[in-house]
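All remarks here apply to the structure that follows.
The values are calculated or read from the model by the stated rules, or taken from the named source; none is laboratory data. All values reported here derive from a predicted model rather than from experimental measurement. For neighbour counting, all protein chains shown are included, and Cβ atoms are generated from backbone atoms with ideal geometry for every residue, glycine included. Ligands, DNA and RNA are stripped out before the accessible areas are found, and what is left, the full protein with its side chains, is counted by its heavy atoms. Shrake-Rupley method; radii C 1.70, N 1.55, O 1.52, S 1.80 Å.
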Amino acid sequence: MSLQMSPQNLSLSDSLHIVILASILSLIIYWLIRDSHRVRNLRGKHVFITGCDTGLANSLAKWLDKRGFCVIAACATEKGGQELRSCSSLSLKTVNLNLADSNSIARAVVFVTEETAGKGLFGLVSNAEGTAPVAPTDWLRIEDFHSVLDVSLLGLIEITLKLLPLLKKAEGRVVNLTNAKGLMAFVGGGYSLSKWGMEAFSDILWIEMQHFGVKVSIVEHGFFKAGVVNSDVIEKYLIRLWNRLTPDIRDSYGEKYFAEYTKAHRSSVKRLCDTDISKVIKCMEHALIAKYPRTRYRAGWDAKFFWLFLSYAPSCLSDMLLCMMFPAPAASGRSVPGVLINI
């Protein structure tokens with residue numbers, strides 16, 4: 001009896017496998033076709049971008065300007081605005097913006113409202129990078145956290161809230177640019193806090209605003225030459241923080257720890273840094289012009305593999321890897337520095 005049913009069972013099993021594979025293939029083809037659809041009549045649509053003095057936002061502003069968008073670029077300094085206008089078309093406008101200052105945010109919102117002239121805002125690209133004192137937590141004071149969170153999180157939230165009416169009117173989209181290090185917290189300070197907060201804010205906004213036709217995307221990028229804090233800047237912060245420590249805290253870490261910790265940051269930036277910022281630009285552009293933008297984009301090999309892997313890896317594995325990357329304080333009794341520092 002079993003011999004007679006065996007061919008039938010095998011046939012049913014094969015049919016089931018074929019159905020499953022065909023369904024998966026159909027979903028992939030459907031996703032690729034859906035992902036390739038673009039919004040029409042983009043010329044003349046207004047896009048507001050923050051943090052355009054340098055780096056990724058600066059490059060995006062120039063790129064979108066060439067594509068025919070009416071770009072409104074927010075710069076922290078007048079010099080940054082002048083340099084951007086000098087190499088762009090006359091349709092690109094700049095406005096000074098300090099995300100830590102509510103009055104500055106209000107003035108920028110008025111400027112954007114006047115420039116859009118009742119059409120609404122098609123795109124808001126937030127590239128909010130506060131100063132980054134990256135150091136062990138007990139080296140820091142509360143003002144060190146404010147210097148980052150007031151700009152990179154609270155400032156971003158405030159300007160987004162004030163521009164939501166314009167975005168809803170145009171059924172536009174919000175693109176929040178964040179570092180993939182926000183997926184895995186391993187250094188003290190407000191940087192990782194701001195990135196985690198940005199992820200949560202973006203997810204909530206995406207759920208709520210879809211009812212109004214507003215699409216929200218997060219671009220999680222890795223280390224890029226034009227998008228990361230220069231290692232020299234990080235080292236200057238570390239030296240300033242180290243010099244203001246009390247003797248007790250400084251002794252508990254030791255001079256060797258300070259040297260190795262600084263070296264570890266320099267080494268990690270050097271190993272992970274990518275020079276091809278077009279990977280990030282393409283993600284941001286797709287989030288703006290795709291008819292069905294993705295909720296999340298990951299740009300750079302470290303964002304797709306290293307940081308994403310660490311965020312999902314068991315805590316024991318990620319903890320072990322991070323212990324290998326960074327030295328141990330003198331008071332811990334572990335004299336061996338992070339073994340990956342010199343690789």
For a quick check: with amide H placed at 1.01 Å from N, whose amide H comes under 5 Å from Arg173's, ignoring anything fewer than 5 positions away on the same chain? Gly123, Leu124, Lys215
Considering the dipole of the chain built from charges on the beta carbon (Lys and Arg +1, Asp and Glu -1) around the Cα centre, which of Ala22, Met324, Ser202 is farthest to its positive end? Ala22
Taking the convex hull of the alpha carbon atoms in the stretch 151-228, what volume per residue do you get, in Å³? 89
With springs only between Cα atoms under 10 Å, which of Arg40, Arg173, Arg266 fluctuates most in a Gaussian network model of the chain? Arg40
Choice from Asp35, Asp53, Asp302 showing the highest fluctuation, given a GNM over the chain with Cα pairs closer than 10 Å: Asp35
Can you check how the C-alpha radius of gyration of the stretch 16-175 compares to 2.2 N^0.38 Å, as a plain ratio? 1.30
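Which percent of the accessible heavy-atom area of the chain goes to carbon and sulfur, probe 1.4 angstrom?
Working: 10680 of 17500 Å².
Carbon plus sulfur share of accessible area: 61 percent.
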If packing is taken as the mean number of other Cβ atoms within 10 Å per residue, what is the order of 303-316, 13-26, highest first? 303-316, 13-26
In the chain, helical segments from DSSP H whose Cα atoms cover 24 Å or more along their own axis and that average at least 0.0 on the Kyte-Doolittle scale are 2-36, 190-209
Partners for Lys93 among aspartates and glutamates (Cα-Cα distance below 15 Å; same-chain residues under 8 apart left out): Asp53, Asp65, Glu78, Glu83, Glu114, Glu115
What value, in deg cm²/dmol to 500, does the helix sum -39500 (n - 2.57) over DSSP H runs of n ≥ 4 give at 222 nm once divided by the residues of the chain? -17000 deg cm²/dmol
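Once you order the gyration tensor axes a ≥ b ≥ c over the Cα atoms, which shape class does the stretch 92-151 get: rounded for a/c under 1.5, otherwise prolate or oblate by comparing a/b with b/c? Write out the running numbers ahead of the final one.
On the way: a/c = 3.96, a/b = 2.85, b/c = 1.39.
It is prolate, given that a/c is not under 1.5 and a/b is the larger ratio.
Before I look further, what does the chain give for accessible area per residue, probe 1.4 Å, in whole square angstrom? Don't skip to the end; give the middle numbers.
On the way: 17500 Å² over 343 residues.
That works out to 51 Å² per residue.
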Hey, if you put +1 on the Cβ of every Lys and Arg and -1 on every Asp and Glu Cβ in the stretch 104-156, which of Val148, Thr113, Asn127 ends up farthest toward the positive end of that dipole? Thr113
About its Cα centre, what dipole magnitude does the chain give when the only charges are +1 on Lys and Arg Cβ and -1 on Asp and Glu Cβ, stated in debye to the nearest 20? 1140
Label selected from (i) 1.07; (ii) 1.11; (iii) 0.94, the criterion being Rg/Rh (Cα atoms, Kirkwood Rh) as computed here: (i)
Mind checking which aspartates and glutamates have their C-alpha under 13 Å from Lys291, skipping anything on the same chain fewer than 8 residues away? Asp35, Glu171
Alpha-carbon Rg with Dmax, taken over the stretch 232-327, Å: 18.4, 58
